[in-house]
Amino acid sequence: MRYKAETPSVLFVCSSNSGKSPIAAGVMEAAAAGTVDVHSCGTKPAETVNPESAASLAELGIDISSHVPTAVTDEAQRSADVVVSLGSNAQLEQLPGTRNERWEIDEPSLRGIHGEERMRLVRDQIAARVHGVHR
């Protein structure tokens, strides 16, 4: 496969860039160990990372606590080899030349699961997807 740059790149996108996409980016960065250029953005970025998201990854030794949510741009999408939208809230126009994927993530809060337990379940779903791709 040909990549747009020397190192393959992936852009994870969720609506707020405070939870799901930083979790995915953190897990991918840890799994890829520098072999993939990883970024995350949001369609409607929050002001800070979700503390429960950061805590769920800290349990795995991954630190996203200093992540600053940013807005997705056309340039970020164009420069990525793969754009992964997490969940159904992040809606993007697909740009030519970039592979787009949507990962539907089960939302535990719809089943009455909240707080740290919710974020662990979300983290584990995302981590399983990331590890499945990175093998």
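At 7 Å along the Cα-to-beta-carbon direction for both Arg78 and Arg2, put a label point, then send me their distance in nm to one decimal.
Here the answer is 1.7 nm between the modelled labels.
Determine the per residue accessible area of segment 13-90 with all protein chains present and a 1.4 angstrom probe, expressed in square angstrom.
43 Å²
Describe numerically, in nm with one decimal, the distance between label points set 7 Å from Cα along Cα→Cβ at Glu116 and at Arg99.
If labels sit at Glu116 and Arg99, their model points lie 3.7 nm apart.
With an 8 Å cut-off on Cα pairs and a minimum separation of 6 or more residues, tell me the relative contact order of the chain in percent.
RCO, the chain: 28 percent.
Cα centroids of segment 27-44 and segment 70-135: how far apart, whole angstrom?
For segment 27-44 versus segment 70-135, the Cα centre distance is 11 Å.
Please state the charge dipole magnitude for segment 57-118, taken about the Cα centre, from unit charges on C-beta atoms (+1 on K and R, -1 on D and E), reported in debye and rounded to the nearest 20.
Charge dipole of segment 57-118: 140 debye, to the nearest 20.
Just need the Rg to Rh number for the chain, please, alpha carbons only, Kirkwood Rh.
0.95
On the accessible surface of the chain, probed at 1.4 Å, how many percent belong to carbon and sulfur atoms?
49 percent
Across 5 Å bins from 0, what is the distribution of all Cα-Cα pair distances for segment 76-135, in whole percents?
Each 5 Å bin holds this share of Cα pairs: 4, 16, 22, 20, 18, 11, 7, 2, 0.
Taking the Cα centre of the chain as the origin and placing charges on Cβ (Lys, Arg +1; Asp, Glu -1), which of Ala80, Ser53, Cys41 is farthest toward the positive end of the dipole?
Ala80
Report the full-extension gain for the segment Ala33 to Ser109: residue separation times 0.36 nm, less the Cα-Cα distance, to one decimal in nm.
Computed gain between Ala33 and Ser109 is 24.2 nm.
Can you compute the charge dipole magnitude of the chain about its Cα centre, using +1 on each Lys and Arg Cβ and -1 on each Asp and Glu Cβ, nothing else charged? Give it in debye, rounded to the nearest 20.
320 debye
The values are calculated or read from the model by the stated rules, or taken from the named source; none is laboratory data. The structure displayed is predicted, hence computed values, not measured ones. Reconstructed Cβ throughout: ideal geometry from the backbone, glycine too, with neighbour counts over all protein chains shown. Ligands, DNA and RNA are stripped out before the accessible areas are found, and what is left, the full protein with its side chains, is counted by its heavy atoms. Shrake-Rupley method; radii C 1.70, N 1.55, O 1.52, S 1.80 Å.
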